[in-house]
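S.K.: Provided herewith is a single structure, encoded as structure tokens, for subsequent inquiry.
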Amino acid sequence: MNLDLLPEALVAGVALAGLYGLLPIAIVLSYRISRTIAFVHAGIAAIAALGYWMLALRSSLIPPQIIYWSDGSGLGHRPELNPRAALLITCAAGLVAGGLYGWVVMSRRVSAASTLTLTIVSLGVMMVLLGTSTVLNVQPEVAPPSPFGDHRFRIGSVNLSANKVATLIIVIVVSAALAVWLSRTHTGLCIRALADDIEAGVWCGIKLRLVGTGVYALSGTLAALAGVLIAVDAGPNPDDMVVLFLRGLVLAVVGGMRSLPLAFGAALLLGVVQTALIVGVFGEVSGAWQELVISGLLLAAVFGMARLRREKFFLLERQAL
Amino acid sequence: MRISWPSLHRTEPIATGTAPVRRAAQHPGVIAVTAIALLWGAYGQDYLIYTVNAGIATALAALGLTVLVGWGREVSLATAGVFGSAVYIYGYFSRPITGKGWPWVLVALLVMLLAAALMASIALISRRLPGIYLVMLTLGAQVLIERTIFTFGNYSGGIGGADDLGRSMENKRPQFFGIGISDDFHVLGHRISADGAFYYFSLGLLAVALVLVTRLRRSPYGLAFLLVGTDRQAAAAIGIPAMRLRAVIFATCGALVATGGILACWLFINPPIFLNYTAPYSLVLLAIPVLAGLDSITWVILTAVLFQVTPVALEHYRVGSYMIAGIGLLAGAAFGSRGMGGRARDLTRFLLYGPRRERTNRGRLQTGTLRHNDGLSVDGATQISATDRERALAVLTAWLPQRPPGELALSAHDVKVHIGAVRALDGASIEVPTGHMVGLIGPNGAGKTTLFDVISGLRMPNSGRITLFGSDVTGRQPWDRAALGMSRTFQFARVVPDLTVADNLVAGAYQRIRRNPLGWLAGWPSTWARLRAAEEAAYAAAQLLDIDRYWNERCSTLEFSARRRVEIGRCLLSGPRLLLMDEPAAGLDPASTVALFGLVRKLHAELGLTVLLVEHYVKAVLSNCDYVYVLAEGQILAAGTPEEIAANPAVQSRYLGTRMLARGTPAAAPAAMP
């Protein structure tokens with residue numbers, strides 16, 4: 001065990017936590033209004049990453065067509081926009097996509113469907129969005145430029161990109177603001193009321209569709225933002241985005257699907273452990289073993305939470321998804 | 001002109017579940033489809049035959065998911081991992097040069113056992129966890145499988161497709177008694193390609209799987225799977241070992257998915273890279289039963305083949321499996337739990353017989369169902385003739401097991417249950433003598449349902465002792481208690497809404513007719529004769545409960561009173577000596593309540609059942625029960641005959657009020673009107 005590398009792992013791990021931390025916020029936010037897991041955010045994040053790549057990439061090596069058919073013909077032309085403008089457009093698209101999804105699923109008729117049905121709808125939309133990526137002319141191994149520039153910050157022996165620092169700041173600010181908003185404001189109370197009982201909430205005068213659409217629009221924006229920031233760091237691979245979403249889902253579960261600070265705490269822990277494994281705090285560990293350790297750690301965290309909440313699990317009782 | 005719709009009332013009530021394969025094989029549609037499938041293997045295009053072969057492998061995996069998702073109502077995101085690991089592990093152990101070179105039969109069995117064990121262990125680990133944790137657990141298993149496969153290149157070839165030494169990882173298709181499925185062959189001078197030969201082999205394997213899955217579905221095990229999936233507590237209360245069967249559901253799914261993987265291994269020859277079996281592909285597989293219908297075996301197979309063929313047909317537009325799966329999931333959500341298969345059946349019936357509501361009403365009018373709101377008279381007498389009633393009673397009496405006599409059916413002594421700081425039960429003790437009808441009343445929150453849960457084994461007490469027919473059952477599971485002769489109903493009728501009345505009733509017979517599962521799968525006549533006997537008893541119970549007119553209707557279409565009687569009938573099929581009824585009149589109108597109590601009284605008298613019931617309609621309890629307990633704040637406040645209870649000042653002040661005495665003794669009340 002090499003403890004000299006621990007400070008470096010801590011700094012880099014905290015920065016990495018920013019990347020892990022945004023998607024759980026979107027998941028928790030939408031869960032708090034619908035009591036369903038919004039898998040759709042994985043699709044929005046994946047499409048946002050691809051969209052940002054299309055809008056912002058400047059490369060003469062990659063053919064400029066947006067859509068490619070299997071016979072080699074294509075459609076459209078990459079606009080090569082300023083990265084910040086591309087970020088704004090992508091986030092706006094995420095807002096529209098999330099809002100549209102929320103407008104549909106928070107209608108009186110659809111919201112009355114079972115949790116399982118709503119989860120299937122969410123998975124279906126996610127898969128359709130992921131499916132559209134196959135017709136796009138994207139090379140996932142090429143990362144797009146960062147909207148926050150190419151600056152690098154040096155903390156100790158660690159070099160941090162501006163993208164990572166900005167991501168971390170965004171996550172901290174957004175999760176703190178949302179935690180206050182959900183627990184201290186009237187709108188937050190309405191969201192919690194709808195999450196507990198939609199019918200009762202509506203009879204109390206809460207505008208279901210308005211509030212629902214707003215929450216989904218906000219969480220869609222966050223998912224799109226997460227997609228862009230992850231794409232800048234790791235490339236816009238849709239499959240990777242799904243894996244990161246699922247990892248984010250685990251973090252949200254660790255936060256009890258309600259606590260944003262706890263989910264962020266779990267993201268910090270995950271980021272630090274992963275970085276410690278990568279930089280060699282525990283000696284040389286192969287990539288596959290790193291994944292195995294992280295998966296095991298996440299599973300242990302989930303089951304730890306389950307045990308903490310064990311009084312809620314009645315013998316033989318069937319719990320909804 | 002429309003074809004007249006057959007009456008919903010079955011003149012021949014038996015054979016709801018027996019001989020499903022033989023009956024299906026006689027269907028003209030099945031014969032036509034089989035003929036087309038056989039001819040297509042000889043005349044279809046090679047690349048399409050190859051694609052359909054891949055579809056058949058996927059169909060086997062999807063059949064596994066039908067068992068898991070459709071019957072067990074569980075979910076797994078590890079299916080792709082299990083499928084992929086079957087491909088690689090089978091390949092490694094059966095390959096002669098880069099693997100172990102073991103006989104293919106042995107390896108195939110080993111792989112199926114491993115997959116079944118993996119899935120069963122997931123079921124055991126997640127036995128007390130809600131759905132979201134199961135998703136997490138299966139996802140974790142999927143990631144672990146992916147990474148393990150990726151790490152050990154000798155199994156999978158890593159991302160290069162070869163072992164650590166760069167040697168090809170080619171698998172050989174198996175041979176049967178010297179006949180291979182890797183070569184072209186000729187039939188009546190017509191050449192059939194190697195993939196065509198493999199197609200016939202796949203088709204044969206699929207047919208075997210189809211027969212086995214269909215038999216499983218119609219057997220008591222299949223019905224028990226559905227009940228466990230819908231409501232574990234209700235299943236446990238009639239003697240179905242819910243957690244054990246849940247593990248069996250997972251194991252069956254694992255074995256079927258592994259069979260698909262083995263077939264894929266033979267098909268591909270060179271195993272595909274592990275990236276084909278990552279987590280999102282589990283969602284693709286999951287979409288198949290969701291779209292086809294959660295209980296539609298044939299449609300699952302068609303959908304699986306469709307999922308494989310469509311991306312090939314739309315290759316130019318680069319429509320991949322994710323897109324197909326996404327559309328499938330959305331369509332499945334729109335179709336509902338019966339999926340595409342259910343909607344297709346509805347459409348066929350609509351075209352042949354007209355709108356469903358009209359059909360149902362016409363059928364009900366023919367059978368007199370619409371004459372009365374629930375078919376029962378006030379004293380609980382049904383509308384069947386005296387001869388039929390006697391016959392039904394004789395059948396049901398013969399069905400119920402002979403039990404040794406005993407004085408005390410149930411004893412709960414000093415039961416304490418603490419939920420956090422709340423003392424839900426604080427030293428409650430009751431006794432139920434054999435052959436009596438005992439009531440338990442008390443205000444809301446008194447602990448009545450908690451005491452019921454403790455007695456039936458759904459909740460373990462902090463202290464106290466439960467004795468059932470002389471045996472101490474305090475620490476035993478609900479299904480063990482049911483085996484001793486106890487059964488229970490719940491506050492709200494908990495039946496399987498997607499099953500017919502017949503299937504719901506027969507599901508109750510699980511612990512009476514379960515035998516060696518292999519007997520059901522192999523179709524042994526002696527084993528299936530047990531099901532026929534259960535169907536006869538179920539029909540007799542349906543006649544006595546006046547629900548025989550709904551015999552073929554799904555429970556979701558029944559009104560509340562009829563559902564309640566289905567639940568009672570299901571309990572009767574489990575062969576009880578002691579029947580616990582939790583608020584049987586909850587949600588019923590006054591007339592139905594009176595009728596139901598009359599019916600329970602008759603069953604108690606004619607079948608010699610001991611009954612313990614919790615009820616808020618005090619007059620009904622005091623009029624029908626021999627002995628009554630009053631529970632308040634977790635303790636027994638009073639116990640005695642109905643007259644003693646009605647006259648007890650403490651009970652009057654805490655629960656009954658004093659107006660009752662002014663009206664006269666409750667036993668003399670004209671009827672048990674609430």
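S.K.: Anything in the range B:209-243 that is over 13 Å from the mean Cα position of the chain (by Cα), of a type outside the set (A, V, I, L, M, F, W, C) and within 14 Å of chain A (Cβ to nearest Cβ)? List them, or say none.
M.R.: Within the range B:209-243, B:G239 is the sole residue that qualifies.
S.K.: In the range A:215-255, what count of residues is obtained for those that are open to solvent by 20 Å² or more (accessible area, probe 1.4 Å) and among the polar types (S, T, N, Q)?
M.R.: 2
S.K.: Residues that are out of contact with any Gly (no Cβ under 6 Å at 6 or more places or on another chain) and of a type in the set (F, W, Y): list the helices (runs of 4 or more DSSP H) wholly contained in the range B:557-635 that include at least 1 such residues.
M.R.: On the way: elements: B:560-573, B:590-607, B:618-624.
Output list reads B:590-607.
S.K.: If you go through the range B:446-465 one residue at a time, do you hit one that is open to solvent by less than 40 Å² (accessible area, probe 1.4 Å), within 17 Å of the chain's Cα centre (by Cα) and modelled with pLDDT of 90 or more? Full working, then the answer.
M.R.: If we filter the range B:446-465 for residues that are open to solvent by less than 40 Å² (accessible area, probe 1.4 Å), which is where we start, we get B:446-448, B:450-458, B:461, B:464.
Among the residues that remain, those that are also within 17 Å of the chain's Cα centre (by Cα) are: none.
No, because not a single residue in the range B:446-465 is open to solvent by less than 40 Å² (accessible area, probe 1.4 Å), within 17 Å of the chain's Cα centre (by Cα) and modelled with pLDDT of 90 or more.
S.K.: Between a first residue in the range A:62-75 that is of a type in the set (S, T, Y) and a second residue that is open to solvent by 50 Å² or more (accessible area, probe 1.4 Å), which pairs have beta carbons less than 6 Å apart while being 6 or more apart in sequence or on different chains?
M.R.: Correct list of pairs: A:S70/B:E315; A:S70/B:H316; A:S70/B:R318.
S.K.: Can you tell me which residue is most open to solvent (accessible area, probe 1.4 Å) among those in the range B:297-320 that are within 8 Å of chain A (Cβ to nearest Cβ) and in contact with a Pro (Cβ under 8 Å, 6 or more places away or on another chain)?
M.R.: Kept after step one, since they are within 8 Å of chain A (Cβ to nearest Cβ), are these residues of the range B:297-320: B:315-320.
Now restrict to residues that are in contact with a Pro (Cβ under 8 Å, 6 or more places away or on another chain): B:319-320.
Working: B:V319: 37, B:G320: 18 Å².
My answer is B:V319.
S.K.: While we're looking at this one, here's another question. Taking B:R343 as the residue in question, decide whether it is away from every other protein chain (no Cβ under 14 Å) and at pLDDT below 85.
M.R.: Details: away from every other protein chain (no Cβ under 14 Å): yes; at pLDDT below 85: no.
When the stated conditions are applied, B:R343 does not pass them.
S.K.: Within the range A:178-187, does at least one residue satisfy the condition of being within 14 Å of chain B (Cβ to nearest Cβ), touching a residue at least 24 places away in the same chain (Cβ under 8 Å) and among the small types (G, A, S)? Give the steps one after another, and end with the answer.
M.R.: So the first thing to find is which residues in the range A:178-187 are within 14 Å of chain B (Cβ to nearest Cβ), and the list is none.
Checked the range A:178-187: no residue is within 14 Å of chain B (Cβ to nearest Cβ), touching a residue at least 24 places away in the same chain (Cβ under 8 Å) and among the small types (G, A, S).
S.K.: Now for a separate question. Hey, does the range B:245-255 have a residue that's of a type in the set (V, I, T), open to solvent by less than 10 Å² (accessible area, probe 1.4 Å) and at pLDDT 95 or above? Before the answer, list the steps.
M.R.: Here is the first cut: in the range B:245-255, the ones of a type in the set (V, I, T) are B:248-249, B:252.
Pick out the ones that are also open to solvent by less than 10 Å² (accessible area, probe 1.4 Å) and you get B:249.
Retained after the next criterion (residues that are at pLDDT 95 or above): B:249.
Checking the range B:245-255: at least one residue is of a type in the set (V, I, T), open to solvent by less than 10 Å² (accessible area, probe 1.4 Å) and at pLDDT 95 or above.
S.K.: Further question: For the range B:96-119, state whether one or more residues are under 23 Å from the mean Cα position of the chain (by Cα), in a helix (DSSP H, G or I) and within 14 Å of chain A (Cβ to nearest Cβ).
M.R.: no
Let's see how each residue does on (1) among the hydrophobic types (A, V, I, L, M, F, W, C); (2) crowded, with 20+ Cβ neighbours inside 10 Å:
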site: A:L10; (1), (2): yes, no
site: A:L29; (1), (2): yes, yes
site: A:I33; (1), (2): yes, yes
site: A:A48; (1), (2): yes, yes
site: A:S59; (1), (2): no, no
site: A:W69; (1), (2): yes, no
site: A:G74; (1), (2): no, no
site: A:A86; (1), (2): yes, yes
site: A:I89; (1), (2): yes, no
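S.K.: Might you let me know whether the range B:178-198 holds any residue that is in contact (Cβ under 8 Å) with a residue 24 or more places away in the chain, open to solvent by 20 Å² or more (accessible area, probe 1.4 Å) and among the polar types (S, T, N, Q)?
M.R.: Checking the range B:178-198: not a single residue is in contact (Cβ under 8 Å) with a residue 24 or more places away in the chain, open to solvent by 20 Å² or more (accessible area, probe 1.4 Å) and among the polar types (S, T, N, Q).
S.K.: Looking only at the range B:266-293, how many residues end up being farther than 30 Å from A:L244 by Cα, at pLDDT 85 or above and not small (G, A, S)?
M.R.: Total meeting the criteria: 2.
S.K.: Identify all residues within the range A:111-149 that are within 14 Å of chain B (Cβ to nearest Cβ), under 24 Å from A:L88 (Cβ atoms), part of a loop (DSSP other than H, G, I, E, B) and not hydrophobic (A, V, I, L, M, F, W, C); write none if there are none.
M.R.: Residues satisfying the conditions are A:N137, A:P140.
The values are calculated or read from the model by the stated rules, or taken from the named source; none is laboratory data. This is a predicted model, so every value here is computed, not measured. With ideal geometry, Cβ positions are generated from the backbone for all residues, glycine too; neighbour counts draw on all protein chains shown. Note: accessible area is taken over every heavy atom of the protein model, side chains too, but ligands, DNA and RNA are not part of it. Shrake-Rupley method; radii C 1.70, N 1.55, O 1.52, S 1.80 Å.
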